[in-house]
Amino acid sequence: MDRTVVNTSAAEAKPVGVTSAYSIAHLRHVPRRHYGRWVAAALILLAFAAVAKAFAEGQIAWPVVAQFFTAPAILSGLANTILMTVCAMVLGIALGVLFAIMVMSPNPVLKNVAVFYIWFFRGTPLLLQLLLWFNLALVFPRLGIPGLFEARTVDVMTPFVATLLGLGINQGAYTAEVVRGGILSVDVGQTEAAKAIGMTRLTTLRRIVLPQAMRVIIPPVGNEVISMVKLTSVASVIQYAEILRNAQTIYYANARVIELLIVAAIWYLVVVTILSIGQHYLERYFSRGRGDRRPARAAAAAPEAA
Amino acid sequence: MQGAAATPMVVAVDVHKHFGPLHALQGVSLEIPRGEVLCIIGPSGSGKSTFLRCINQLERIDAGAIWVDGELAGFRRDGDALYELTDAEVARQRLASGMVFQRFNLFAHMTALENIIEGPVTVQKRAKKEASAEALALLERVGLADKRNAYPSELSGGQQQRIAIARALAMKPKLMLFDEPTSALDPELVGEVLAVMRHLATTGMTMIVVTHELGFAREVANRVVFMDRGRIVEVGPPREVLVDPREQRTRDFIAAVLS
């Protein structure tokens, strides 16, 4: 009896040795009906319509939103937000990679310096760090290397520099942990294989471990870039002219508070949406050699099997 | 001594290695002449893989000494003092040997060809064009020229291991170390890897092979070492160690493997 079942092939219209009662190929296929989805979609649309109606009828002057959407002060604030995001993230990633490598170093001096850095900058609030950098002149009225150059701290520590140091160094402490996690995710066999072909520790990191760690590092760092776009708004407290501070400056003058906040909100969403798309492509690039080629593999394997 | 040709490829003298409380190598001494194919067999945990990894300094030895190609591994002797080598000097010493791992360890983000030329180009600073040409010849030799642009994840275990052998050979080592090269393979893929190794043995390459393939050891090895609990129990030609061992422990092990 078992033999007849084994011989049965799905391709055959009339399976050998199986009674016609088991032949169902000619029956009509009715897919599952998802009534719940339709009900949920209708309810959500209704709720959306109610919220949209409320906002349309509320005390919001939409022409003012449109008017200020491309105002020079808003656009220059947007440019400053983007500039600060890029600079602070570059500094943060550079410090993060450096300190991650230091934390994992066999050198106890480097390791402890990195542990201290991560402990200090993760352990204090960002706002406090920004205020400390901005008010550094209270501690050190003059900065410089004796004999080489010297300057008044207030001249050096502009809102831009203070924000960059505050955000970048703080970000570095978090990114260091993300990079460390990425490095740990790479199989030790990869490091051993690299050593076996004569690579030094640093060459192994640069050529073998970090490129593979990127696959694990990119998603959280992408997440942090998106956080950073919004975190730059904290710098408004030390007078850095980013988009939220400029929006505030305008509404202090014309009292259109909600309208200008909506303008800023829309711009934040635009920037974050563009970044999310970029992150998708970056992730795809760094996952090469890992799963993304499955269809190609199946196609390549087929002729071999034949 | 009559120059480099007469010095053995590997000399190990009273090598000890601890992993915490575990005494993994308990005084291993062995001399491996140039051109020899040596198979190391033994139960798991016997220290055979550890000994192999000590030869190319993936593990540091705690006592004793190992010479590879006439050079003391890990130290520079100056008068009565032994100076520990730097990371870069150890990396240079590793160039004498090529290593093949149980789990292949191909670089996952590189294609087969990129895996093979990585060492020659990055470490030996050779021209990419020349390295690629040699890599293609090596791929031809292991029968995988058509897979040059495949990533490791697209290859079978047997194919990955053959690429790994090509990657090690691309560095032109004087000695090849194989750490259970067929243990992670599906049974039907073992043959293709052993065939490549068998061919390599005919070229006069010095090979140290940690393996459970007693058939391969009997056929290809010049000598077989049986290790147990961190010690060498028995060394000799395959027909002695594998067919008519002197020690009871060797006899038990071979009986257990063959049953």
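The values are calculated or read from the model by the stated rules, or taken from the named source; none is laboratory data. No experiment lies behind these values; they were computed from the predicted model shown. Positions of Cβ are generated from backbone atoms using ideal geometry, with glycine treated the same way; all protein chains shown enter the neighbour counts. Heavy atoms of the whole protein, side chains included, go into the accessibility calculation; ligands, DNA and RNA do not. Shrake-Rupley method; radii C 1.70, N 1.55, O 1.52, S 1.80 Å.
Details
- Among the trypsin sites (Lys or Arg not before Pro) within the range A:174-236, not one is in coil by DSSP while having at most 13 neighbouring Cβ atoms inside 10 Å.
- Stretching A:VAL257 away from A:ALA94 to a fully extended chain increases their span by 54.9 nm, per 0.36 nm per residue minus the current alpha-carbon distance.
- Computing FRET efficiency as 1/(1 + (r/R0)^6) for A:SER76 and B:ARG126, where r is the C-beta to C-beta distance and R0 is 60 Å, gives about 0.70.
- Normalised alpha carbon radius of gyration of chain B [divisor 2.2 N^0.38 Å]: 1.02
- Distance histogram for the range B:98-242 (every C-alpha pair counted, 5 angstrom bins, percent rounded to whole numbers): 2, 10, 19, 22, 19, 12, 7, 6, 3, 0
- Where labels lie 7 Å past Cα in the beta-carbon direction, separation of B:ALA133 and A:VAL51 in nm: 6.7 nm
- The phi-based Karplus calculation (6.51 cos²θ - 1.76 cosθ + 1.60; θ = phi - 60°) puts the 3J(HN,Hα) values of the range A:95-102 at 5, x, 5, 4, 6, 5, 5, 5 Hz, whole numbers, x for Gly and Pro.
- Listed pairs B:LYS48/B:LYS147; A:LYS111/A:LYS230; A:LYS111/B:LYS125; B:LYS125/B:LYS172; A:LYS111/B:LYS17 exceeding 24 Å between Cα atoms: B:LYS48/B:LYS147; A:LYS111/A:LYS230; A:LYS111/B:LYS125; A:LYS111/B:LYS17
- Tail beyond 12 Å, pair distance distribution of the range B:100-149 (Cα, percent): 63 percent
- Buried accessible surface for the B/A chain pair comes to about 2400 Å², total over both chains, computed with a 1.4 Å probe.
- FRET efficiency, 1/(1 + (r/R0)^6) with R0 51 Å, evaluated for A:TYR281 and A:ARG152 via beta carbons: 0.65
- Fluctuation leader among A:SER185, A:SER23, A:SER276 - chain A, Gaussian network, Cα springs under 10 angstrom: A:SER23
- Ratio Rg/Rh, restricted to chain A and using Cα atoms, in which Rh is the Kirkwood radius: 1.17
- Set of aspartates and glutamates near A:LYS53 by C-alpha distance (under 17 Å), chain-local residues within fewer than 8 positions excluded: A:GLU259
- Surface/4 estimate of mean projected area, convex hull on alpha-carbon atoms of the range A:183-280, nm²: 8.5 nm²
- Fluctuation leader among A:ALA213, A:ALA194, A:ALA94 - chain A, Gaussian network, Cα springs under 10 angstrom: A:ALA194
- The ellipsoid that matches the Cα gyration tensor of the protein assembly as shown has semi-axes, each √(5λ) in whole angstrom, of 59, 40, 20, with the longest given first.
- Each principal axis of the Cα atoms in the range B:1-142 has its own extent, and those three values, largest first, are 45, 39, 29 angstrom.
- Taking the Kirkwood radius as Rh and the Cα radius of gyration as Rg, the range A:124-177 has a ratio of Rg/Rh equal to 1.05.
- Gaussian network model of chain A, Cα within-10 Å springs - most flexible of A:GLY198, A:GLY168, A:GLY278: A:GLY198
- Only the Cβ atoms of Lys and Arg (+1) and of Asp and Glu (-1) were treated as charged; on that basis the dipole of the protein assembly as shown about its Cα centre amounts to roughly 1120 debye.
- Carbon plus sulfur fraction of accessible area for the range B:137-180, probe 1.4 Å, in percent: 43 percent
- Given charges at beta-carbon only (K, R positive; D, E negative), |dipole| of chain A in Debye: 760 debye
- For the range A:79-221, fraction of C-alpha pairs farther apart than 19 Å, in %: 61 percent
- Beta bridges by DSSP in the protein assembly as shown, antiparallel share as percent, to the nearest 5: 60 percent
- Rounded to the nearest 10 degrees, the angle from helix A:108-123 to the longest Cα principal axis of chain A is 80 degrees.
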